[in-house]
Each structure stands twice: as structure tokens, then as C-alpha cells.
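See below for the structure under consideration.
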Amino acid sequence: MKKSSTGGNTAPLPVALGAWIALLFLHVPVLIILLYAFTTEEATYSFPPPGLTLRWIGITMGRTDFWQALQLSLRVAGIATLAALVLGTLAAAAVARSRFFGKEAVSFLLLLPLALPGIVTGIALRSAISLGNIPFSFWTIVIGHATFCVVVVYNNVVARLRRFGNSQVEASMDLGANGWQTFRYVIFPNIASALLAGGMLAFALSFDEVIVTTFTAGQQSTLPIWIFSQLVRPRDRPVTNVVAIVVILITFIPIVIAHRLTQESNE
Amino acid sequence: MSEFVIELVDVVKRFATPEGNEVTAVDHVSLQIRHGEFFSLLGPSGCGKTTSLRMIAGFEWPTSGEVLIDGKPMGRTPPFWRPVNTVFQSYALFQHMTVFQNVAFGLEMDKTPASEIKHRVGEALEMVKLSGMERRKPRQLSGGQQQRVALARALVKRPKVLLLDEPLGALDLKLRREMQIELKTLQEQVGITFIYVTHDQEEALTMSDRITVMNRGKALQTGSPVEIYERPNCRFVADFIGQANFFAGKMLAFDDQGARVAIPALQTELIGQPVGNLEPGQAVAVSIRPEKVRIAQEPAFGSNSVRGRVIHTTYIGSNTHVLLELAGGVRINAWEQNKISTLDPKAYFLPGQEIWANLFPENVLILPED
């Protein structure tokens, strides 16, 4: 047996190799997008790019349809996240704190939308919205996104509440704090980082959602749908790559922060 | 002002288990607790003592019966409207707040003016000897210190009754002994009624004015530590508090020294003290505590002196524990105090030695069989 494999600090070569291949497999496509956002070619890509330019950033910034889509996506994600924070926290509080018949079933049903394929959620929502004679609009997109955003917030908060336990809540009530005061001064400070983490994750999920949105949107396009529609138009192709970078930044940053927050509270 | 600060009137509490069954945690319990008393609820785990305490605090509501605080029926009054405060077993300190903020919390909820809060928190922390720790967070404190913060936080509100749920359970033995004395002193100093839940009989005997012994949801006996120890009213209480030797017996008759019981295993009759309502012919449990068994070379009281043999001795310093085998092969424990300082082995009992066990009538208790 080789010395390096008994040392314990370094992974055996096949494992290390596997990890690197997996990492490359996951991230090379992203690097390609980054690269071709700056290519001088307009319609077709060749490797290596014949030249690099910042021109596409300016062109993207000048397109009103891009700005409209971005604004819509930010508003949808913002409102869906807010709704998820309120509903997710309430659901988590109910499940974590009380004992009632069918609690496990409720807990499972709350998690289901995350596991359910987006296409099923989309079709279901579209049928429900049509049946209710509700016009497809900004609000139907928000409702569609809220279905999975609630789950993300719920999951984060319920885990925190379970670890937090009930005794500090009882102590607070015992010392004269009513329900609202107990939430405000005892529960909230303890779940704040879980809420922030859950909220950011929900925001990121909503911001790049495509499948459910295609079923629940009316005439509007959110940013991911706008990108999708751009792919069939070969002109100004690097513009989509520039927008993709914008999407990466807007979703990546909250996820990194959310990850940090959950890590800190686990210590 | 009502005569009793806390009354439980025929309180029952049933819980539904997740399996769909029903458990009776508290089974028709009635208690009357006086102003300024140090009152303990004592029993093994699952006996309903904590549930009873939680019903006084308002965390649980009785299934039937009534909890009265200072004469007022509590019904479904939530905890934050009850004039009682709790010291939790886990302390339940607010981890995100400093010691000062923890103790001030209850006063802030009452909208007490800031200057008074500062004054009273200072006073409370001084009382529990934590002055100077105001700005620490709970996790920077030792277990004993956290315990004191929990105490100060509850006492600062000047409740009518302080409820303590096994507050010393997490501390080591030495600290626990210290805190027992400190708690008792504190209680006498502030004059607040303490209701103390514990499974530690020594703790209850040390601190309490009165004790209620509970088992399986029922309140078996209420009395002073002396009453509970010297006149337990049933076999469970005699067995749970301290140690006791038991014989199965049958009531024969009352006489001027108490009552006579037949003990088939010893093939003799004993005279003892009947406790509770007993009738001739009834099956009884006859008990005698190990320290009350007198070992001697000569019989000293008629049929209450039983022939026996020393099986085994254990020297434990202040006492020597002697295991005796009596007539009919019945084994009992006897504790002899080592009142003379000597190295002579003959001064102590030796295995194989033939002796008499004198079970004096005043030390023999006749209890109803559970």
C-alpha cells in the first residue's frame, strides 16, 4: 500500500480525480457563458473566440425589453419571498410548537411542492387559475412562485424552531409576555438568521424559475423566460450571455449569504 | 386574602398520546398550600408532579377540576396573567440576552419604569450573588450561575408563588447541597411561597415545610417531613422515602399499645402502630426502618423480639449496615450507628453471629397493603 493513501489527509487519487471531474462537469458550461459574453462574434460561436469586447454590455443596457423583464423578475421574487416569509413562518410555528392529529401529514404536504415536478405544479396552477376565472397576470406569477418559496422558508424555520425548543417560549410567557411579545422579543431574534437564509434562497429560486412561470404568466416575461425567447433569435446572441451573468450574480450572491448564515448558526 | 395561596380542587389531567391512547397524568389531586410555605411535590418520574406544577403556572389546563390562586379560580387564564413565576429545570434562559436583560425581561413586560427596573434587577442579582455579571451572556456562565439567573429572573417579579421544577437536577452533588441551603434561606428571607418539584427525597426532606408524595398521578400523602418519614400512610410512601423492611401480615386486633398482626413468614405476631383505617382480618404491610431495628444479645420485648443471625456487614463510617436473617429465612437490613471509636473487630457484628432483632412496637408500622 502506498504511503499517501494511509496518511489520511489526502484523498486517494481516483477519488480526487472524480471530484475534479464532477466540479468541471458542473462549472465548465458556466465558464463558457462567461467567456462568450465578451466574444466579438454576433451569431455563431467558435473556439477560441476571435476577439474579446465589452460592446455587448452596452447593447444589453440599452435594451428596454431586458430592463422590463429584469424589473418584473425582481418584483415577482421580492413579493413571492415576502409572502413565503409570512406563510412559511406561520406554518413552521404551527408544526413545530403544537401537537395535533395529522401533524406528520401536514408536515409532508408542506414539503411536497418542492419534490413535485414543476411541470405538474404548473399545470395544476394553470387549471386552478382558469377555473377560478382569474386573469393571468403579475399576481398569478407570484402565486406560482410562492408555492415553492413557502417550502424553502418553512424548511429553514421549522428546523431552527425544533432546535430552539419550547422552554424559552414558556419562560417568556411565564414572565408576562403575551403571544406577540414572545414572538417579537424571544422567538424572532432566534429565527432571524433562518428567516434571512430561507428568504434569500426563496428569492434566488423565484428569480430563475422558468417552468411554473410559463404556465402562470400572461403576456409578461420574467427574465429567465426572456432569455429563453432570445435563444431562437440568432442576432446579438452574446446579449443573452451578458444577461445570464446578471442572473448568476443576482442568484449566486443570496445563496452564498444564505449558506453562510446556516453554517454560522449550526456551529 | 384567601387562607390558601394555591388550591387544587379535584384536578384531573389527561393527555392524548400520539398513538391515540389516553394517559391520566394527574388523577383527582387536591392540594392546599399556605402563604409563605416551602411546599414540595415529591415522587418518581412520571408521577404527575411536573404536570401539576405546569397547571399552576398555566402551561396546561386541567381536564376537570380547578386550580385556584389566592382564592381565584384560574380556569383557562394564560401564564402571562397569573401571579406566579417559574424556575425551569433547563433554566430556559434567553440565550440572546445578557444577564441583565434576562432578569429585566419580566419587568419590561409589565411596563415598569426604566429607573425602577435598574434598581430591582440590581437588587435581585445581589440577592443571588451575581452582582457584576450583568453584561455576561448565559453561555458564559457556569451551571450554578445560570441557575441563579433563572432564580433572580423569576423572583424579581415578586410573584405570589415561585414554582421550581427540579431546579437543582443538573448540578453536581456538592453544589446541589449548597444550593439547597441557599434556596431555603432565600425563601425565608423573601417570604414567598415556594412550590418545589423533585424526585430527590433527601432534597424534599431537607428544605420543605410540607411535602406531598405523588405516584401514578395520585397524591398519596401530604405532611411535614417528620410525618412523611415517621408515619407514612401506605407502603409506597414508606418505600419511596428512606428505606424500609417489609413483612406481609394480617391484622389481628387493636390493643393498648397499637395493634397486633400475624406475620406468617416469621411464624410470630408483632405489635405495631396502625396507620390509617385498618380492620381486623385485613391484609397489611408491616414495615420497620433499618435504623430502628435494634440488634442485641438478649430479647427485649416478647414476641417483637425475633431470633436471627448476621449474614453480612458493611462498614460505611458513621454506620455499619448489617444484613440479618430471621426465623423462616426472612432477611432484613439493620443500621447500627458506630457510636464508639475502636479498631476492635468484636465491637462490630460478625457474620454468623447469633443475635436477637428487637422490633419495638413504636417502630413497627402497620400499613394498608397497596
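Charging the Cβ of each Asp and Glu at -1 and of each Lys and Arg at +1, and nothing else, the dipole of region A:61-266 about its Cα centre rounds to 100 debye.
Could you work out which residue, out of B:Lys72, B:Lys118, B:Lys339, moves most in a Gaussian network model of chain B, that is, has the largest mean-square fluctuation with Cα springs under 10 Å? Of B:Lys72, B:Lys118, B:Lys339, the Gaussian network model singles out B:Lys339 as fluctuating most. Counting only protein heavy atoms and a 1.4 Å probe, the protein assembly as shown has 51 square angstrom of accessible area per residue.
Which value, in debye to the nearest 20, describes the size of the charge dipole of region B:4-235 about its Cα centre when Lys and Arg Cβ atoms bear +1, Asp and Glu Cβ atoms bear -1, and nothing else is charged? Kindly include the intermediate steps, with their values, before the conclusion.
Numbers: 30 positive and 27 negative charges, 109 e Å.
Result for region B:4-235 is approximately 520 debye, rounded to the nearest 20.
Checking the Cα-Cα distances for B:Lys49/B:Lys184; B:Lys129/B:Lys157; B:Lys49/B:Lys111; B:Lys292/B:Lys346; B:Lys111/B:Lys184 against a 25 Å cut-off, the pairs over it are B:Lys49/B:Lys111; B:Lys111/B:Lys184. A simple rule links phi to the HN-Hα coupling: the Karplus curve 6.51 cos²θ - 1.76 cosθ + 1.60 with θ = phi - 60°, which for region B:223-237 gives x, 6, x, 5, 4, 5, 7, 8, 10, x, 9, 7, 4, 4, 5 Hz, with x for Gly and Pro.
Report the rotationally averaged projected area of chain B based on its alpha-carbon convex hull, in square nanometres. Working shown, then result.
Values: hull surface 95.3 nm².
Projected area, direction-averaged: 23.8 nm².
Projection of the Cα convex hull of region A:91-151, averaged over all directions and equal to a quarter of that hull's surface, yields 4.9 nm².
In a Gaussian network model over chain B where Cα atoms closer than 10 Å are linked, find which of B:Trp61, B:Trp81, B:Trp356 has the largest mean-square fluctuation. In the Gaussian network model the winner is B:Trp81. If the elastic network links every pair of Cα atoms under 10 Å, which of B:Gly328, B:Gly65, B:Gly258 fluctuates the most in the Gaussian network model of chain B? Maximum among the listed residues: B:Gly328. Measure nothing fancy, just the Cα-based angle from helix B:114-127's long axis to the longest principal axis of chain B, in degrees from 0 to 90, nearest 10. Its long axis makes an angle of about 20 degrees. Between A:Ser46, A:Ile59, A:Phe108, the Cα set farthest toward the positive side of the dipole of chain A (charges on each charged residue's Cβ, about the Cα centre) is that of A:Phe108. Highest mean packing first, where packing is the average number of other Cβ atoms within 10 Å per residue, the peptides A:10-17, B:37-44 line up as B:37-44, A:10-17.
Sum -39500 (n - 2.57) across every DSSP H segment of at least 4 residues in the protein assembly as shown, then divide by the residue count to get the 222 nm mean residue ellipticity, nearest 500. List each step's numbers first, then the result.
Numbers: 21 runs with 284 residues, N = 637.
Value at 222 nm, helices only: -14500 deg cm²/dmol.
How big is the A-B contact in terms of buried accessible area, both chains counted, 1.4 Å probe, rounded to the nearest 100 Å²? All intermediate terms of the calculation are to be shown ahead of the outcome.
Working: alone 15980 and 17950 Å², together 32220 Å².
For A against B, buried area totals roughly 1700 Å².
When both bridge partners sit in the protein assembly as shown, DSSP labels roughly 75% of those beta bridges antiparallel.
Against the main long axis of the alpha-carbon atoms of chain A, helix A:64-97 sits at an angle near 20°. Counting Cβ atoms of other protein chains within 10 Å of each Cβ in A:164-173 and taking the mean gives 6. Counting only other chains, and only Cβ atoms inside 10 Å, what mean value do you get across the residues of B:85-96? Across the residues of B:85-96, the mean count of other-chain Cβ atoms within 10 Å is 5. For A:Val232 and A:Ala11, the difference between the fully extended length at 0.36 nm per residue and the C-alpha to C-alpha distance is 75.1 nm.
Counting partner chain Cβ atoms within 10 Å of every residue's Cβ in B:75-83, what's the average?
Partner-chain Cβ atoms within 10 Å, mean over residues of B:75-83: 3.
Using a simple spin-label model with pseudo-atoms 7 Å out from Cα toward Cβ, B:Gln189 and A:Arg97 lie 3.6 nm apart. Here the Debye sum runs over all C-alpha atoms of chain A as equal scatterers in vacuum, and log10 of I(q)/I(0) at q = 0.08, 0.15, 0.17 Å⁻¹ comes out as -0.47, -1.14, -1.27. With N set to the number of residues, divide the alpha-carbon radius of gyration of region A:15-117 by 2.2 N^0.38 Å and report two decimals. My calculation over the Cα atoms of region A:15-117 gives 1.79. Projected label points at A:Thr64 and B:Ser64, each 7 Å from Cα along the beta carbon direction, are separated by 7.7 nanometres.
How big is the dipole moment of the protein assembly as shown about its Cα centre under a simple scheme where the beta carbon of each Lys and Arg is +1, that of each Asp and Glu is -1, and everything else is neutral? Debye, nearest 20, please.
Numbers: 57 positive and 53 negative charges, 428 e Å.
The dipole of the protein assembly as shown has a size of about 2060 debye.
Any idea how far apart B:Asp27 and B:Ser303 come out in nm if each label point goes 7 Å out from Cα toward Cβ? Modelled inter-label distance: 3.5 nm. The angle separating the long axis of helix B:143-155 from the principal Cα axis of greatest extent in chain B is about 70 degrees. Within the protein assembly as shown, the proportion of C-alpha pairs whose separation exceeds 50 Å stands at 41%. Since only B:Val310, B:Pro299, B:Ala283 are under comparison, the one whose Cα sits farthest along the positive direction of the charge dipole of region B:273-370, derived from C-beta charges on Lys, Arg, Asp and Glu, is B:Val310.
The values are calculated or read from the model by the stated rules, or taken from the named source; none is laboratory data. It should be emphasised that the depicted structure is a prediction, and the values quoted were computed from it without experimental measurement. Here Cβ is always computed from backbone atoms with ideal geometry, including for glycine, and neighbour counts include all displayed protein chains. Heads up: the accessible areas ignore ligands, DNA and RNA and are worked out on the full protein's heavy atoms, side chains in. Shrake-Rupley method; radii C 1.70, N 1.55, O 1.52, S 1.80 Å.
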